[in-house]
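The values are calculated or read from the model by the stated rules, or taken from the named source; none is laboratory data. All values reported here derive from a predicted model rather than from experimental measurement. Cβ atoms come from the backbone with ideal geometry, glycine included; neighbour counts cover every protein chain shown.
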Amino acid sequence: MIKVLALKPEKNNPRKISAESLNGLCESIREDPEFMTLRPIVVDEDNTVIGGNQRLKAIIQLGFKEIPDEWVRKANLSEDKKKRFLVVDNAPKGMSGEWDQEMLLETFDVNELIELGMESEIDFNNDIEKEELDEKNEVLRPLKCTRILLSIPVGVTIKNIDDVLSEIEKNGGLVDYASN
(Lines give C-alpha, C1' and ligand atoms only; values in the text may rest on other atoms or scores of the structure.)
Protein backbone atom coordinates (compact mmCIF):
# COMPACT_ATOMS: atom_id res chain seq x y z
CA MET A 1 0.00 0.00 0.00
CA ILE A 2 1.13 3.55 -0.74
CA LYS A 3 0.28 6.48 1.50
CA VAL A 4 -1.67 9.06 -0.48
CA LEU A 5 0.16 11.90 1.29
CA ALA A 6 3.45 10.53 -0.11
CA LEU A 7 2.25 11.44 -3.62
CA LYS A 8 2.92 15.05 -4.59
CA PRO A 9 0.69 16.80 -7.12
CA GLU A 10 2.55 18.50 -9.96
CA LYS A 11 2.44 22.20 -9.08
CA ASN A 12 2.82 23.17 -12.77
CA ASN A 13 0.10 20.86 -14.05
CA PRO A 14 -1.56 22.58 -17.02
CA ARG A 15 -4.70 20.46 -16.73
CA LYS A 16 -7.69 21.71 -14.70
CA ILE A 17 -10.84 19.95 -13.57
CA SER A 18 -14.20 21.46 -12.66
CA ALA A 19 -15.93 20.50 -9.42
CA GLU A 20 -18.61 18.69 -11.43
CA SER A 21 -16.04 16.69 -13.40
CA LEU A 22 -14.09 15.91 -10.24
CA ASN A 23 -17.28 14.55 -8.66
CA GLY A 24 -17.81 12.40 -11.75
CA LEU A 25 -14.25 11.12 -11.53
CA CYS A 26 -14.78 10.30 -7.84
CA GLU A 27 -17.91 8.36 -8.73
CA SER A 28 -16.02 6.49 -11.45
CA ILE A 29 -13.23 5.48 -9.06
CA ARG A 30 -15.75 4.49 -6.40
CA GLU A 31 -17.72 2.38 -8.87
CA ASP A 32 -14.79 0.84 -10.80
CA PRO A 33 -11.64 0.97 -8.62
CA GLU A 34 -10.04 -1.80 -10.67
CA PHE A 35 -9.69 0.69 -13.53
CA MET A 36 -7.00 2.46 -11.47
CA THR A 37 -4.81 -0.61 -12.01
CA LEU A 38 -5.37 -0.38 -15.76
CA ARG A 39 -4.50 3.32 -15.86
CA PRO A 40 -2.35 4.05 -12.83
CA ILE A 41 -1.08 7.36 -11.50
CA VAL A 42 2.41 7.97 -12.91
CA VAL A 43 5.04 9.46 -10.60
CA ASP A 44 8.67 10.44 -10.98
CA GLU A 45 11.55 9.46 -8.72
CA ASP A 46 10.43 12.06 -6.11
CA ASN A 47 6.81 10.78 -6.11
CA THR A 48 5.63 13.89 -7.99
CA VAL A 49 2.62 13.01 -10.13
CA ILE A 50 3.32 13.48 -13.83
CA GLY A 51 0.25 11.57 -15.00
CA GLY A 52 -3.01 11.33 -13.07
CA ASN A 53 -3.12 14.55 -11.07
CA GLN A 54 -6.91 14.66 -11.38
CA ARG A 55 -7.19 11.03 -10.25
CA LEU A 56 -5.05 11.95 -7.23
CA LYS A 57 -7.43 14.84 -6.43
CA ALA A 58 -10.36 12.42 -6.65
CA ILE A 59 -8.64 9.87 -4.40
CA ILE A 60 -7.99 12.60 -1.83
CA GLN A 61 -11.59 13.83 -2.08
CA LEU A 62 -12.80 10.25 -1.56
CA GLY A 63 -10.84 10.15 1.70
CA PHE A 64 -8.30 7.47 0.82
CA LYS A 65 -5.33 7.42 3.19
CA GLU A 66 -3.59 4.58 1.35
CA ILE A 67 -4.00 3.10 -2.11
CA PRO A 68 -2.85 -0.22 -3.62
CA ASP A 69 0.67 -0.28 -5.06
CA GLU A 70 -0.81 -1.22 -8.46
CA TRP A 71 -2.52 2.17 -8.66
CA VAL A 72 0.86 3.92 -8.98
CA ARG A 73 3.62 3.44 -11.53
CA LYS A 74 7.12 4.98 -11.28
CA ALA A 75 8.62 6.47 -14.42
CA ASN A 76 12.24 7.44 -14.92
CA LEU A 77 12.02 10.32 -17.40
CA SER A 78 14.21 13.32 -18.16
CA GLU A 79 12.86 16.74 -17.15
CA ASP A 80 11.95 17.46 -20.78
CA LYS A 81 10.09 14.17 -21.12
CA LYS A 82 8.22 14.77 -17.82
CA LYS A 83 7.10 18.16 -19.11
CA ARG A 84 5.91 16.62 -22.39
CA PHE A 85 4.18 13.74 -20.57
CA LEU A 86 2.07 16.21 -18.55
CA VAL A 87 0.41 17.21 -21.82
CA VAL A 88 0.60 14.04 -23.92
CA ASP A 89 -0.92 11.90 -21.14
CA ASN A 90 -4.15 13.87 -21.53
CA ALA A 91 -4.44 13.08 -25.26
CA PRO A 92 -4.66 16.62 -26.62
CA LYS A 93 -6.59 17.32 -29.80
CA GLY A 94 -4.81 15.79 -32.75
CA MET A 95 -3.32 13.03 -30.59
CA SER A 96 -6.55 11.25 -29.77
CA GLY A 97 -9.28 9.52 -31.69
CA GLU A 98 -12.87 10.52 -32.19
CA TRP A 99 -15.98 8.72 -31.01
CA ASP A 100 -17.85 6.65 -33.57
CA GLN A 101 -21.32 8.04 -32.82
CA GLU A 102 -23.19 5.29 -34.61
CA MET A 103 -21.18 2.56 -32.88
CA LEU A 104 -21.70 4.18 -29.46
CA LEU A 105 -25.46 4.33 -29.94
CA GLU A 106 -25.60 0.77 -31.31
CA THR A 107 -23.53 -0.60 -28.43
CA PHE A 108 -24.86 1.41 -25.49
CA ASP A 109 -28.21 2.64 -24.30
CA VAL A 110 -28.26 6.45 -24.29
CA ASN A 111 -28.85 6.48 -20.54
CA GLU A 112 -25.77 4.29 -20.03
CA LEU A 113 -23.70 6.80 -21.99
CA ILE A 114 -25.11 9.67 -19.94
CA GLU A 115 -24.33 7.80 -16.70
CA LEU A 116 -20.76 7.37 -17.96
CA GLY A 117 -20.50 11.15 -18.39
CA MET A 118 -20.64 11.03 -22.17
CA GLU A 119 -23.55 13.44 -22.74
CA SER A 120 -21.22 16.09 -24.13
CA GLU A 121 -19.70 13.53 -26.51
CA ILE A 122 -23.00 12.36 -28.00
CA ASP A 123 -23.99 14.25 -31.12
CA PHE A 124 -27.76 13.87 -31.27
CA ASN A 125 -27.81 15.66 -34.64
CA ASN A 126 -25.19 13.47 -36.31
CA ASP A 127 -27.33 11.57 -38.86
CA ILE A 128 -29.40 10.15 -36.03
CA GLU A 129 -32.96 11.33 -35.76
CA LYS A 130 -34.39 12.05 -32.32
CA GLU A 131 -37.34 9.78 -33.16
CA GLU A 132 -34.94 6.85 -33.61
CA LEU A 133 -33.43 7.55 -30.22
CA ASP A 134 -36.87 7.91 -28.65
CA GLU A 135 -37.80 4.47 -29.99
CA LYS A 136 -34.58 2.94 -28.69
CA ASN A 137 -34.53 4.74 -25.32
CA GLU A 138 -37.53 5.96 -23.40
CA VAL A 139 -35.68 8.77 -21.57
CA LEU A 140 -32.87 10.94 -22.90
CA ARG A 141 -32.09 12.68 -19.60
CA PRO A 142 -29.63 11.57 -16.91
CA LEU A 143 -30.96 9.34 -14.20
CA LYS A 144 -28.89 11.17 -11.58
CA CYS A 145 -30.64 14.50 -11.92
CA THR A 146 -30.50 16.68 -8.83
CA ARG A 147 -32.68 19.59 -9.97
CA ILE A 148 -35.42 19.96 -12.54
CA LEU A 149 -36.01 23.42 -13.95
CA LEU A 150 -39.63 23.55 -15.00
CA SER A 151 -41.79 26.50 -16.02
CA ILE A 152 -45.05 26.19 -14.14
CA PRO A 153 -47.94 28.25 -15.52
CA VAL A 154 -49.36 30.93 -13.23
CA GLY A 155 -52.19 29.53 -11.13
CA VAL A 156 -50.89 25.93 -11.08
CA THR A 157 -50.16 24.69 -7.58
CA ILE A 158 -47.51 22.04 -7.07
CA LYS A 159 -48.23 19.98 -3.96
CA ASN A 160 -46.25 16.80 -4.56
CA ILE A 161 -44.10 14.87 -7.01
CA ASP A 162 -47.18 13.67 -8.92
CA ASP A 163 -47.99 17.31 -9.72
CA VAL A 164 -44.43 17.82 -11.01
CA LEU A 165 -44.63 14.68 -13.16
CA SER A 166 -48.00 15.83 -14.49
CA GLU A 167 -46.52 19.19 -15.55
CA ILE A 168 -43.60 17.42 -17.22
CA GLU A 169 -46.05 15.22 -19.12
CA LYS A 170 -48.04 18.30 -20.21
CA ASN A 171 -44.79 19.75 -21.61
CA GLY A 172 -44.28 16.64 -23.71
CA GLY A 173 -41.67 15.26 -21.31
CA LEU A 174 -39.28 18.07 -22.14
CA VAL A 175 -37.55 19.73 -19.22
CA ASP A 176 -34.21 21.34 -18.66
CA TYR A 177 -32.08 19.73 -16.03
CA ALA A 178 -29.15 20.78 -13.90
CA SER A 179 -26.93 18.71 -11.65
CA ASN A 180 -24.58 19.67 -8.84
Elements of type strands (runs of 3 or more DSSP E) contained in the range 1-116, each with 3 or more residues being of a type in the set (K, R):
none
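Every residue, every condition in (1) on the phi < 0 side of the Ramachandran plot; (2) free of Cβ contacts under 8 Å to residues at least 24 places away in the same chain; (3) touching a strand residue (DSSP E or B) at 6+ places or on another chain (Cβ under 6 Å), yes or no:
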residue: A19; (1), (2), (3): yes, yes, no
residue: E31; (1), (2), (3): yes, yes, no
residue: F35; (1), (2), (3): yes, yes, no
residue: L38; (1), (2), (3): yes, yes, no
residue: G51; (1), (2), (3): yes, no, yes
residue: Q54; (1), (2), (3): yes, no, no
residue: K57; (1), (2), (3): yes, no, no
Across the range 81-114, the tally of residues that are more than 22 Å from V49 (Cα to Cα), modelled with pLDDT of 75 or more and of a type in the set (D, E, K, R) stands at 5
Just need a number here: residues in the range 1-44 that are touching a Leu at 6+ places or on another chain (Cβ under 9 Å), loosely packed, with under 12 Cβ neighbours inside 10 Å and modelled with pLDDT of 90 or more.
1
